[in-house]
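The values are calculated or read from the model by the stated rules, or taken from the named source; none is laboratory data. Note that this is a predicted model, so its numbers are computed, not measured. Here the Cβ positions follow ideal geometry from the backbone for every residue, glycine too, while neighbour counts run over all protein chains shown.
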Amino acid sequence: MRLNDKVAVVTGSASGIGRAIADRFVAEGATIVVADFNAEGIERTVEEIRAAGGTATGQCFDVSDREAVHDATRQIVERHGRIDILVNNAGISRYRPFATMSSEDWDIVLAVDLKGVFFCAQAAAPYMVERGYGRMINISSALGTGATPHGTAGSPGGSSAYAAAKAAVIMLTKTLAREVGPANVTVNCVAPGTFLTPMSATTRTPEQVQEHLDHRKKTVVLNRIGSLDELVAPILFFASDDCSYVTGHTIHVDGGRFD
Ligand code: NAI
C-alpha cells in the first residue's frame, strides 16, 4: 500500500486515464477526490469506487474557472483536512488545421489544458507548502514535444493549440517545482503517448482510431499499444513517498516514440 492514508485529488477522473489513476490510487490505500465537471460521471465513479471497498468523494468544478477551482480546493481541504497529492489530468483536445483554427478553439484548449493546471496547482500549493509535504503530477502529452504530421495514419493532425498547451505544461512543471521544492513539495509530469480512452474516440472516427492504433503499434519501439496500468505506474511513483528526491521531471510513457 504505497499511498496509505494519503488524500489524492485527481482532476478529470470521471473518465479515461483519470479514472485509471483513481482506481490504482485507491488500491494503494489513498482516499480519492474525483474532481471533474461531469457531475453524472463523478457520481458513477464515486459509487463504483465505494462499491469496490475504496474511499472516495466527488467534487464538481471546471478547472478553467479560477474561482470555482479555489472554492473547490477549500471545500476539499475542509472535508479531508489536507491534500497530499494532486494529479492535474483533466484535458480536452480540438484538432484543427492551423490555418482555420478559430480563436475560440485555441482559447478553450489553452484554458483547460494549461490554465487549468495553473489554477489547480496554485489553489492546492499553499496547503501543501504549509504542511511541508506534497506531490503534484501534471499530465502532458507526447504531442508536447513531438509534432504528428497532419492527417496521417488516422491522426486528425492540426494539434497546434493542444501541443502548445502540453509543451507549456512541461515547463510549468519545472518552474513550479523550483518554487515549492524548498517546502518538500515535488512536481513532476507524465507525457502519455497513445492510449485508448473516450478522448481518443471523440476526436476520431472508429476507422481513424483503428488506423491510428495500427500505425502506433508499428512506429513505437515496443511495437504495441500500452495499457492504462502501464501508464499509471510512473504516475504512482511520482505520487508516492518513493519520489522524495525527484522533482521537475517529465517521463514519457509512450512505448518509445521519437517523432
Ligand atoms: P477523457 O476525455 O477520457 O477524460 C478527460 C476527463 O477530463 C473527463 O472526465 C472530462 O469530463 C474531464 N474534463 C475535461 N474538461 C474539464 C474541465 N474543464 N474541468 C474539469 N474536468 C474536465 O481523456 P483522457 O484520454 O483520459 O485524457 C486525460 C489526460 O491525458 C488529458 O490531459 C489528455 O490531454 C492526456 N493525454 C491523453 C492521451 C490519450 O491517448 N488518451 C495521450 C496524451 C495525453
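Observations
- Some residue of region 29-42 being assigned to a strand (DSSP E or B), over 26 Å from residue 104 (Cβ atoms) and more than 13 Å from the ligand (Cβ to nearest atom): yes
- When residue 52 is tested against (1) more than 16 Å from the ligand (Cβ to nearest atom); (2) surrounded by 16 or more Cβ atoms within 10 Å (Cβ to Cβ), just one condition goes unmet, and that condition is (2).
- Residue within region 171-190 that is at pLDDT below 95, more than 24 Å from residue 108 (Cβ to Cβ) and not charged (D, E, K, R) present: no
- Residue 202 falls short on exactly one of the conditions (1) surrounded by fewer than 13 Cβ atoms within 10 Å (Cβ to Cβ); (2) away from the ligand (no atom under 11 Å from the Cβ), and that condition is (2).
- Pairs where the first residue, in region 225-242, is closer than 10 Å to residue 255 by Cα and the second is part of a loop (DSSP other than H, G, I, E, B) and among the aliphatic types (A, V, I, L, M), C-beta under 8 Å, 6+ apart: 225/196
- Residues of region 27-45 classified as hydrophobic (A, V, I, L, M, F, W, C), surrounded by fewer than 24 Cβ atoms within 10 Å (Cβ to Cβ) and within 23 Å of residue 123 (Cα to Cα), total: 3
- Of all residues in region 88-108 being more than 16 Å from the ligand (Cβ to nearest atom) and not hydrophobic (A, V, I, L, M, F, W, C), the one that is nearest to residue 143 (Cα to Cα): 97
- Among the residues of region 64-87, not a single one is within 12 Å of the ligand (Cβ to nearest atom), in a helix (DSSP H, G or I), within 21 Å of residue 199 (Cα to Cα) and polar (S, T, N, Q).
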